[in-house]
1. So if each residue of separation counts as 0.36 nm, and I subtract the Cα-Cα distance between Tyr316 and Ser385, what length gain in nm does that give?
2. Please list the non-local residues whose amide H lies under 5 Å from the amide H of Tyr354, H modeled 1.01 Å from N, same-chain partners needing a gap of 5 or more.
3. Kindly provide the trypsin sites (Lys or Arg not before Pro) of the stretch 300-369 that DSSP labels as loop, not H, G, I, E or B, and whose Cβ sees at most 12 other Cβ atoms within 10 Å.
4. Compute the relative contact order of the stretch 368-443 as a whole-number percentage, counting only Cα pairs closer than 8 Å that sit 6 or more residues apart in sequence.
5. Taking Cα atoms, how many degrees apart are the long axis of helix 96-108 and the longest axis of the chain, rounded to 10 and kept between 0 and 90?
6. Calculate the dipole size of the stretch 310-458 relative to its Cα centre from +1 charges on Lys and Arg beta carbons and -1 charges on Asp and Glu beta carbons; express the result in debye to the nearest 20.
7. Can you pull out the chymotrypsin sites (Phe, Trp or Tyr not before Pro) in the stretch 128-174 whose DSSP state is coil and whose Cβ has at most 14 other Cβ atoms within 10 Å?
8. With a 1.4 Å probe and all protein chains left in place, how much accessible area per residue does the chain have, in Å²?
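The values are calculated or read from the model by the stated rules, or taken from the named source; none is laboratory data. Everything numeric in this text was worked out from a predicted model, so none of it was measured. Note that we place each Cβ from the backbone using ideal geometry, even for glycine, and neighbour counts take in every protein chain shown. Heavy atoms of the whole protein, side chains included, go into the accessibility calculation; ligands, DNA and RNA do not. Shrake-Rupley method; radii C 1.70, N 1.55, O 1.52, S 1.80 Å.
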Amino acid sequence: YVAAVYEHESILSPSPAALVERRSALELMGRNLDVYEQQVLAAARQGAQIIVFPEDGIHGFNFTRSSIYPYLDFVPHSHSGKWNPCREPYLFNDTEVVQRLSCMALKNKIFLVANLGTKQPCERTDPRCPADGRYQFNTNVAFAADGTLLATYRKHNLYFEYAFDTPPEPDYASFDTPFAGKFGMFTCFDILFFEPAVNLIRQYNLKQIVYPTAWMNQLPLLSAVEFQQAFATAFNVNILAANIHHPTLGMTGSGIYTPVKSFIYHNMESYGGKLIVAEIPVITTGYKTNLDKTPGRVSEKGKEQSPPYFYAEMMYDNFTFVPVWGEKGELQVCANTLCCYLNYQKAVLTDELYALGVFDGLHTVHGTYYVQACALVKCGGLSFSTCGQEVTDATALIDFQLWGNMSTPYIFPLLLTSGITLDFADHMGWKNNHYFLSKNRTSSGLLTAALYGRWYEKD
């Protein structure tokens, strides 16, 4: 099927904390919707059957609970029957944004997914009802090609979004299409948690995901395109991921991903939006990883002259590292119950420092979640203290096998190369209670090769 995602440089309110009238809120959102309209038309002309827009693309961000109110539409939660906002605009008040989105879908005969802020009045008898008498949700809406509202999804894992409420129960949102079957949807930070993302995919055996996001890149392990690709690979799904484009805030990175190929956009240099259109196969069955290459075991010989261990902060976590010196070798580094192993051979010796790091513990900055990670990274400079820094360019081509005795089945294989480009492993999967990733010769200099494990039960 042909899919489109649009990385949108949203027109933002100059003072999001200021209280404004609904009229001026609609005026600002209308300018973003004008851009959406052009992009839907462009995507439809290229044969796209579905288009996805980013999180916060219509209203922006940094609102307070009261200042966002004029920007909120009323959207009935999906279980309340069929509604076509374009054809039935009079059913509810404050649905101007939803109406425009519905009409774009209808006019261009395309499935459309977008993100907006919504409001829902609640009864004082509801113990969870906020003091102001309403819920405010960060919401995705999906429309059919005839403009019908198919599904809504209210973001569950909020990321410092004080204007919004967490829904009382996780939404498991999906919708059917004639061209690729069932799609599931969730938003941004949700991708790191079991609820609802992993549970949704497992319960409904989903193979296609739409994913609006407003993601701030964090190298070396959580760049948007890097993690989006890893998620597609780990769960054997196609992901249509639309990010917002604000390079000054570190926000870029969208794409259309399959488990074995991706069409991505990552641009921290220039401004303006970007439409990606690609034809991808419908995934119908489970995907078996190629397990015919057994990773070798680290030999016991030569342990006495093993390189020194050192500690450095990476992704706000205290990693234990060992330097990757010389043109080839076998290394091991452990923390708690997790041991990581690396066999490597450098094609050419460069004056770049690489290190193998391990972390097994609770990550506590900007969210709390348990991580088990084995990571081969290029360091920022030549001293140990630079390992774990954000690096975007590298020249070293390395053949490697990386493996670890992970305690969780949820492993995201990361493979990032120079200039924030993606590469794909030759082989990966489980063997003898170890998860491994192997690659002969990356397409360009290696930035990160990592096994990013999420141990959800220990969050």
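1. Details: separation 69, 0.36 × 69 = 24.84 nm, distance 1.35 nm.
Separation in residues times 0.36 nm, less the Cα-Cα distance, equals 23.5 nm.
2. Val324, Cys379
3. Numbers: sites: Lys301, Lys303, Lys328, Lys346; in loops: Lys301.
Listed in order of number, the matching sites are Lys301.
4. 29 percent
5. The angle comes out at about 80 degrees.
6. Details: 8 positive and 13 negative charges, 62 e Å.
Using only the charged Cβ atoms, the result is roughly 300 debye.
7. On the way: sites: Tyr135, Phe137, Phe143, Tyr153, Tyr159, Phe160, Tyr162, Phe164, Tyr172; in loops: Tyr159, Phe160, Tyr162, Phe164, Tyr172.
Within the stretch 128-174, the qualifying chymotrypsin sites (Phe, Trp or Tyr not before Pro) (loop, at most 14 other Cβ atoms within 10 Å) are Phe160, Tyr162.
8. Details: 18270 Å² over 459 residues.
Per-residue accessible area for the chain comes out at 40 Å².
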